Structure formats: C-alpha cells, structure tokens
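Notes to accompany the following structure.
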Amino acid sequence: MDDDTLADRFLDAAIGLLRRVRDEEAAPIAAAGAAVADTVAAGGRLFAFGAGHSSLPAQDVVYRAGGLALMNLLAVPGAAGVDVTPVTLGSALEHVAGLAAAVLDSSPARAGDLLVVVSLSGRNALPVEMAAGARERGLKVVGVTSAAYAEGTRPRNASGTFLRDHCDIVLDSKVAVGDAELAHEGVGAPFAPASTLVAGALMQAVVAAAAGELVRRGIEPPLLRSANVDGGREWNDRVMAEHADRIFYRR
C-alpha cells in the first residue's frame, strides 16, 4: 500500500463517521436544535465550551458567517493548550478540580441559558464539572462527546462520572477511544484523528436545526453573514445591535 492511499483511507473513515452521526444521532441533533431555539425565543443566551482540541468545534460556532450571533465562547484562559507555553499546560488545566466553578461564577451565564460542552473523552475534571456546575446553576446543557470513552475508559475526576452523566442532551461523535482512524506498517502509533471534524459537523448540524426550528415558530434566526460579501458588515451590525444584551464577545 503506497502512502497516497492513506489519505483516501482517512477521508473514507471520516465520511463513515459522518454518515453514522447523520443516521444515528438525528433525534439528539433535533432535540439540541429545539433546545437552542427555545433559549433564543425565551431571551436566553448561548454558550459553548471545549478544552484542548475540543475547543476548536466550540470556537467554530462563535462569531462566524452563517452562525448564530448569540453563541458566546465560555473561555478558560490557557485551556485551549496551543496558545500557552508549555503547550502541556492546557492538558494539565483539564484536571484542575474547582476551575469550572470559578469560570462559571465569573461568567455572564445564568439560569435559562444554554451551554454546549465539547469533550471527546468526557472524563476529565474541567468538562465534567463545567457541565455539572452549569446544570446546578439552571442552564440547559448539551454535551458533544464519544460514548466509546464512557464505555471503555475510567473517569479522571473526583465525581467518578463522565460528561454525558451531566447533560440534558448528548450527541455521540462515534469516535473510537484513541481518536486515530489509521494504522500503517512502519508507523509506530495510530494516526489521523477525526474527532474535530465530526464534532464540528455536529455543532453546525445543531445550528442548522435551531435555525429551522426558529423559522417554524415565526422567529427570524439571528444569523451572521460573511463580512466579505457586499452588505455583510451592515447586516451583522444590525443583528448585533438588536441582540447586544446577549452578545458578550464584543464587550
């Protein structure tokens, strides 16, 4: 097998995961979209959180063309990992008990809001405590995680639970433990992770479902347009002005 076919194998594996998500997670995606629509319609605010590479799908729905203007990143300084030195600090922060409570207490999140927590393994203290703490504070929690980790690994937090145990709605990415789709002779470690791609697709599917649900209720979805098309900036200025009390990334 030459190396060129490895790219094909990875793309096929990723497409397979996306097909599974489409076919097997349709009901949870619809439920999450309805929950987002409920929150928007009721005047609530939307937040997304992820640590490490799981921060990328969370970031992907914040302040972007075609996305909901009301989606705010619940940021934990250093938790993205790649923006700090040493880079391992980000992973270390995921194991700090009590950090999630401090973040929630200092954030604008409140009862009636909605939080999406993205964590592939769903086993570390930060995402687990973030979800549990948010629910205790009256937020609705949507989890994007892999059921395989909850079934094939042990929790790494004091509660002995997984992210999925603290969510109102769970979206399963179907990603296997280890997050590597390929193995190849001569390569010592499995490689080609797909979790970011699949989790990002799940996040965008939820946004799409929410937009459709809002339209069904006669509510214009507060979506942003690309600032790189004519009229896009003016559109965005209007949307942000109309919903300024629920947008925190401009302050």
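The values are calculated or read from the model by the stated rules, or taken from the named source; none is laboratory data. Nothing here was measured: the structure is a model prediction, and the numbers come from that model. When the accessible area is computed, the model is the full protein with side chains, heavy atoms only, and any ligands, DNA or RNA have been set aside. Shrake-Rupley method; radii C 1.70, N 1.55, O 1.52, S 1.80 Å.
Observations, loosely collected:
- These residues, T88, T153, go from largest to smallest accessible area, 1.4 Å probe, as T88, T153.
- C-alpha long axis of helix 125-136 to longest principal axis of the chain, angle in °: 30 degrees
- Gyration tensor over the Cα atoms of segment 139-251: the corresponding equivalent ellipsoid has semi-axes (square roots of 5 times the eigenvalues, largest first) of 36, 21, 14 Å.
- Phi angles across segment 83-100 convert, under the Karplus curve 6.51 cos²θ - 1.76 cosθ + 1.60 with θ = phi - 60°, into 3J(HN,Hα) values of 9, 10, 10, x, 4, 5, 4, x, 5, 4, 5, 5, 9, 7, 5, x, 5, 4 Hz, Gly and Pro given as x.
- Computed from the alpha carbon positions, the gyration tensor of segment 21-152 leads to an equivalent ellipsoid with semi-axes of 23, 18, 15 Å, biggest first.
- Rolling a 1.4 Å probe over the protein heavy atoms gives the chain an accessible area of 47 Å² per residue.
- Label assignment, Kirkwood radius over Cα pairs in Å derived from the structure, set [x] 20.9; [y] 18.8; [z] 21.4: [y]
- Interchain or long-range residues, amide H under 5 Å from R156's placed H: N124
- Relative contact order of the chain, taken over Cα pairs closer than 8 Å and 6 or more residues apart, is 25 percent.
- Amide H partners (placed H, <5 Å) of V144, local residues excluded: V117, V118, S119, L171
- With helices as the sole contributors, the chain gives -13000 deg cm²/dmol at 222 nm; each DSSP H run of n ≥ 4 counts as -39500 (n - 2.57), and the sum is divided by every residue.
- In order along segment 41-46, phi translates into HN-Hα couplings of 5, 8, x, x, 10, 10 Hz, rounded to whole numbers, per the Karplus curve 6.51 cos²θ - 1.76 cosθ + 1.60 with θ = phi - 60° and x for Gly and Pro.
- Vicinal HN-Hα couplings computed from phi for segment 54-66 (Karplus, 6.51 cos²θ - 1.76 cosθ + 1.60; Hz; Gly/Pro x): 6, 6, 5, x, 5, 5, 5, 9, 10, 6, 9, 4, x
- Expressed as a whole percent, the accessible area of segment 36-139 that falls on carbon and sulfur atoms is 56 (1.4 Å probe).
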